[in-house]
1. From the list A:LYS167, A:LYS139, pick out the single residue that is outside any helix (DSSP H, G or I), assigned by TED's automatic domain parsing to the domain that holds A:SER218 and under 38 Å from the mean Cα position of the chain (by Cα).
2. Answer yes or no as to whether A:LYS338 is outside any loop (DSSP other than H, G, I, E, B), loosely packed, with under 15 Cβ neighbours inside 10 Å and either outside the structural domain of A:VAL671 (by TED's automatic domain parsing) or at pLDDT below 80 (or both).
3. What's the number of the condition A:ARG246 fails, among (1) over 22 Å from B:SER227 (Cα atoms); (2) modelled with pLDDT of 85 or more; (3) within 11 Å of chain B (Cβ to nearest Cβ); (4) surrounded by fewer than 15 Cβ atoms within 10 Å (Cβ to Cβ)?
4. Which residue is surrounded by the most Cβ atoms within 10 Å (Cβ to Cβ), if the candidates are limited to the range B:192-202 and must be out of contact with any Phe, Trp or Tyr (no Cβ under 6 Å at 6 or more places or on another chain) and at pLDDT 90 or above?
5. Here is a list: A:LEU317, A:LEU290, A:LEU363. Which entry is assigned to a strand (DSSP E or B), at pLDDT below 85 and in the same structural domain as A:THR403 (by TED's automatic domain parsing)?
6. Can you name the residue in the range A:506-519 that is surrounded by 17 or more Cβ atoms within 10 Å (Cβ to Cβ) and among the charged types (D, E, K, R) and, of all such residues, is nearest to the other protein chains (Cβ to nearest Cβ)?
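The values are calculated or read from the model by the stated rules, or taken from the named source; none is laboratory data. This is a predicted model, so every value here is computed, not measured. Cβ sites come from the backbone with ideal geometry, for glycine too, and all protein chains shown count toward neighbours.
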Amino acid sequence: MHGRPRKASNPEDEEASAAKAVKLRVLQSQFMSNHHDKMYNSLFFCYRNLMIGSVSFRLLIICCLLDVLGFWASSYTKEAIELSTKLLEINPEAYTAWNYRKLAVEDTLSRIESDPDLFKSVLDEELRVVESALKQNFKSYGAWHHRKWVLSKGHSSTGNELQLLDKFQRLDSRNFHAWNYRRFVVELTNRSKQDELQYTDDMISRDFSNYSAWHNRSVLLSSLLARNADGFVPNQKIPEEYRFVRDAIFTDEDDQSGWFYHLWLLDQTVNVETPLLTSSWPSHGSRVNLSGSGGLNDSSSKLPSFCSESGSFPLILYFDQDVGGVSSSTVTIDSELKGNEDLVWEPVSNKSSEVSCVWVTRLKYTSTEPQKEYKVKLRIGNSPGIVSSRGCNFSSPYEFVFTAHVHDNVEGSQEGIVSWTDGFSNWDAQSVDLKSLVTFDQLNAHMDLNWRQEAIAEEIDLFRLLSDSKIGKLTLARLLVAEAMISDDAIKGVNYKEILKLYNDLMALDSSHYQYYKDEHTVALLHTVTSSTESLSRHLFQYSDMNNSVCLRLNKLSLSRIASVEKLLFVQMLDLSHNELHSTEGLEAMQLLSYLNLSHNRIRSFSALDSLRHVKQLRVLDVSHNHIGKHSVDTTRYLCSSPLSNSEWTQDEAGRQMPSLATKYWDAYFVLRDLNLKQLDISGNVIAGDEFSSFVTQVVPKLVWLDGQKVRS
Amino acid sequence: MEELSRITVSQREQFLVENDVFGIYSCFNASDFASQKFLVEIQRDKQLDYLMDGLRKLSPSFSSLDANRPWICYWILHSIALLGDSVDDELENNTIDFLGRCQDSDGGYGGGPGQLPHLATTYAAVNALVTLGGDKALSSINREKMSCFLRRMKDTNGGFSIALQILTYSLIIRMHDMGEIDIRACYTAISVASILNIMDDELTRGLGDYILSCQTYEGGIGGEPGSEAHGGYTYCGLATMILINEVDRLNLDSLMNWVVHRQGVEMGFQGRTNKLVDGCYTFWQIQGIVTESIIHLPTLTGGCNQYLTASGCRDMCSCALRSVHGGGFRDKPSKSRDFYHTCYCLSGLSVAQHAWSKDEDTPPLTRDILGGYANHLEPVHLLHNVVMDQYNEAIEFFFH
């Protein structure tokens, strides 16, 4: 059996088996005609009639009854097993019958353990039933599962199974049940992964459109590369694979399979599993000016400074992927600042989980001893514990030092209204060295860059030839992004120019995916802005409040999302007005942000501002002229109903007293109650009005300015 | 790889489908306005006739669905509900009675009376009963026993699968006693638990890890770890992650990237990379996009319909996939109609109509409904795929 045509040993046997087949056919046809005669009259509701009518159904009922009996009497009659065989050959979906067989087989096996031949014949029979069931329906979950179950009983022959699979995979090369089963057999029998890789070679040369084969190739190679199995080293294998997939792509550029495999290769070329520290605030070698609630008294000073009412400042670590385990044991701090012995690190994300790419802690300082400099030294990853969500350890210990300069305190605090039009002066590149504020790209020193750069450069050259098609342009753009990721500033600048152009072309060429390209375009644009001190300083200003806050103006750039935040951790004032933003997702990493202008964007509800709840320093927020309340659409209606839907509640889940309108404006309530705003601009939104204003003043007790009006003194 | 130069089977099939669809489109474009209007009309009456007939009497070819009978109930009842209609009292009572007989005394529903309880048919039965609505239907579900059934399906020792490297997750859900383990099991169990208000930490523990391991580098989600990304499983995985509140753990950017590229030039959706488009994925995939847009950009943004051409797949469903018999929808123009594709084409159409509507009570804009309000369908709950009103009624019933 097992799909191998059996040779009849002698003429008698052959005759007998032919007679058997005729008999079976008669039986089956009887079976089927009976079954067909009795139409499925009211399949559902007249099922009592069916008891008399459909054989298949009657079989099923009998099986079920016997199944129950089997449970009681722990005995399985031959008739019942035969009936279930018949049934499953007609309808492999009858999972109840498969279960019956499993129980019956287990029962039999327990009694014949001592007889290996008998043991084998019982399991052989099961494999035979599965095979004929699969011939009826090779997408039957129950049948494939039964086969796995039989194999797990210790009965298998890799050769037979692979032959059977080959038969099915020739019939339907994309059948995922067959592919899953194949992976199962390979895993169970420890078949060599190299042989399997060769099999995908064969499948692909037979039909290069077969994405299932490409997919399996990626699964196999990942595992071979991870184990560094003989000769499977990335710097040789990956370039080889590029050449392999190239044939398929260049044969027919409209065929998707090769493109997706290419995307996987690209990912293997630039991404490393081990997490890395991307940036921090303060950055290495920088000097941080700190002051108390009033700010600096020396208003002539051009130095931007950080002031906090709580007498603490944030320390931000930004990783290239989500990590967990950042704590006082994995990050050690030597600080001359007193009272910072037991620092608590917190993940900054909306996720409830304990992983994030942004981690923050707060260092305390006092301004009682003015004009003093304190050295702070951080060591990250000296002891293990920082682990990525994929389970890779942070393995490149990093060390950095900065100085904190604590300034004199000034009495009285500033309560004036913040305007986004006056009070800005150009960035003085002379007096403030930007490099001390920003961590510019550090290439991963642990990565072997040569072969990666070579492979990508070669691909770029080739794909320029295909850049007339949509997918060709898209791939070229992605290759250029990848190259920029692992290259120095000069290449970066050139690449980003081309990337922006490619996405512009794509937006025009393929309008049905406009927003997707738009987002990618935005990401590339923000990369360009933040890629060098020169380009960044064009957007930087200083705001002439008492702290000379650093202001970044990224207005009127038609940005549709937020990106490159890791380079902007030092920004205290951010102007994102006149863009196309839908959400503030990403801004939560900017822990120094005190002033934020989001006016004239496409924010549709307060839930879109949710990430701002983590920006503890935020005092001024302008969301005027957005679409909040225009559509009372509560998109969360699909996800959860209002958590405050019970109108009898007067306290929220944190036990706080809720204002009367909290049920109506619950999405606003959840964001605003956690913000410590002094100034809010909401005008130009449908939600704005007297009722909402009075709600806001209740929820935000420290609010002084609302829509330009003083509401408290 | 010299052989590569010849045209592959997939390419030939793809070409044939494109030919069929574009043939229909060009025929449509060549028609005058009145014929166009006729061509795109869903033709409610014919749809309802087809569906109601199915509830009463099925042809023998349906015998292969013997173990999936609650599914037929759900596909038909949900389609009828999407069309804004309902069944008469007798049919309703018969259905409740029938599903009652499928309910196991130890909880859960089987594929038919006397069959073992199975998660997929349990999901179908619960959704069918929710779609019927009313105290009689809803109270016929034994929630206490259901809770026991779901817990029993949660495999704590991993069974035989624990022997395999790729399947070392200890907290997973099986489809039925001794049954297979995959992402459908997670989704159907969690959907049922969520709608019946019997979800707890014990049930959800470990599921997130399992689903995460099923997301492939392409961004989509496969049926089990190591598997190829697939539209139906992606929907199951995404919906489950939202329901257990762990959706942020998925790589949503790459998921979106994968889903948008599943829309073909025909405007329909394919289930996997380089497969033919199929009407039912209109629902599975568009649902994915809309759902993700919601989580991703917290609001349904005006721009997000440009991630895909909602209007495109709407056109595809309305003119190319409607069966020539008048009622029912089909996989692709060359295939014949069936209840499964009718249910998911209508569901997909409904999502396309309502995805960008302003709120629950506002009807969608005329431009979002091809063929005008005569083709208007009821909005559905994205995570359970039951009509919104029926979902709300069930929530009211089970949560208070």
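1. Answer to the selection: A:LYS139.
2. no
3. (4)
4. In this case the residue turns out to be B:ILE195.
5. A:LEU290
6. A:LYS518
Here's the yes/no breakdown for (1) over 22 Å from A:VAL704 (Cβ atoms); (2) modelled with pLDDT of 90 or more; (3) in contact with a Pro (Cβ under 8 Å, 6 or more places away or on another chain):
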| position | (1), (2), (3) |
| --- | --- |
| A:LEU576 | yes, yes, no |
| A:HIS614 | yes, yes, no |
| A:VAL620 | no, yes, no |
| A:LEU639 | yes, no, no |
| A:TYR665 | no, no, no |
| A:ALA668 | no, no, no |
| A:LEU672 | no, yes, no |
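Conditions (1) assigned to a helix (DSSP H, G or I); (2) over 24 Å from the mean Cα position of the chain (by Cα); (3) within 13 Å of chain B (Cβ to nearest Cβ); (4) more than 28 Å from A:ASN450 (Cα to Cα), marked per residue:
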position: A:GLU196; (1), (2), (3), (4): yes, yes, yes, yes
position: A:TYR199; (1), (2), (3), (4): yes, yes, no, yes
position: A:MET203; (1), (2), (3), (4): yes, yes, yes, yes
position: A:SER212; (1), (2), (3), (4): yes, no, yes, yes
